[in-house]
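Student: Take a look at the following structure, please.
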């Protein structure tokens with residue numbers, strides 16, 4: 001039995017535009033930032049939460065000249081939150097001015113993975129999407145099987161040689177379709193409401 005891989009699911013989510021910017025949380029407490037090192041994508045947000053003590057976030061170019069841009073806030077007692085959106089790719093260092101380099105961290109900002117679909121090859125339309133009770137696959141080729149996987153990659157339904165798929169028994173959420181045709185396999189997403 002063929003299984004869809006987690007990587008395939010991630011690629012479909014990225015390809016179909018479901019990937020949104022991500023918010024990461026760093027906790028300032030005692031003498032540390034936790035986690036002290038992050039690898040994020042361009043456009044992602046980091047939120048620092050001071051839960052105890054007197055701290056700040058200093059990622060200025062005056063302190064770290066190799067930072068692509070400056071960011072930071074002033075020292076203050078807990079609780080406080082400081083948020084910064086990293087729109088410029090590069091490696092950033094930061095520290096708490098009160099505790100110096102003993103309380104420091106890094107953020108590495110990378111280019112988001114880009115995948116380009118070749119729509120001319122797939123020629124498959126799925127409607128309605130989002131679906132409630134069923135959806136239709138409009139294809140210019142014969143469908144052999146349609147396998148439906150949940151977001152974890154678990155197979156939840158399989159249909160043979162059918163273009164109308166009943167999904168009334170599925171919970172609301174995002175699902176991955178592995179559509180096997182005479183020309184090969186295509187992976188699509190479907191939202192069940």
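Student: Residue 176: part of a strand (DSSP E or B) and under 21 Å from the mean Cα position of the chain (by Cα), yes or no? Talk me through it step by step, then tell me what you get.
Tutor: Working: part of a strand (DSSP E or B): yes; under 21 Å from the mean Cα position of the chain (by Cα): yes.
For residue 176, the condition - part of a strand (DSSP E or B) and under 21 Å from the mean Cα position of the chain (by Cα) - is met.
Student: Inside the range 131-164, can you point out the residues that are closer than 17 Å to residue 189 by Cβ and assigned to a loop (DSSP other than H, G, I, E, B)?
Tutor: Within the range 131-164, 132, 150, 151, 152, 153, 154 meet the criteria.
Student: Sticking with this structure for a sec: If I filter the range 179-192 down to residues being over 19 Å from the mean Cα position of the chain (by Cα) and modelled with pLDDT under 90, which single residue comes out as surrounded by the most Cβ atoms within 10 Å (Cβ to Cβ)? Can you show your working first?
Tutor: To start, the set of residues in the range 179-192 that are over 19 Å from the mean Cα position of the chain (by Cα) comprises 179-186, 192.
Applying the additional criterion that residues be modelled with pLDDT under 90 yields 179-186.
Numbers: 179: 22, 180: 16, 181: 19, 182: 9, 183: 13, 184: 10, 185: 14, 186: 19.
Checked the range 179-192; the qualifying residue surrounded by the most Cβ atoms within 10 Å (Cβ to Cβ) is 179.
Student: For the range 96-107, enumerate the residues that are assigned to a strand (DSSP E or B), farther than 12 Å from residue 48 by Cβ and at pLDDT 95 or above. Quick ask: steps written out before the conclusion?
Tutor: Let us first name the residues in the range 96-107 that are assigned to a strand (DSSP E or B), namely 96, 100-107.
Okay, now just the ones that are also farther than 12 Å from residue 48 by Cβ, so 100-102, 104, 106.
Within the range 96-107, 104, 106 meet the criteria.
Student: Among the candidates 88, 83, 152, 145, which residue alone is outside the structural domain of residue 38 (by TED's automatic domain parsing) and exposed (fewer than 15 other Cβ atoms within 10 Å of the Cβ)? Give the steps one after another, and end with the answer.
Tutor: Values: 88 fails: outside the structural domain of residue 38 (by TED's automatic domain parsing); 83 fails: outside the structural domain of residue 38 (by TED's automatic domain parsing); 145 fails: exposed (fewer than 15 other Cβ atoms within 10 Å of the Cβ).
Result: 152 is the single residue among 88, 83, 152, 145 that is outside the structural domain of residue 38 (by TED's automatic domain parsing) and exposed (fewer than 15 other Cβ atoms within 10 Å of the Cβ).
The values are calculated or read from the model by the stated rules, or taken from the named source; none is laboratory data. Note that the coordinates shown come from a computational prediction; the quantities given were computed from them, not determined experimentally. Note that we place each Cβ from the backbone using ideal geometry, even for glycine, and neighbour counts take in every protein chain shown.
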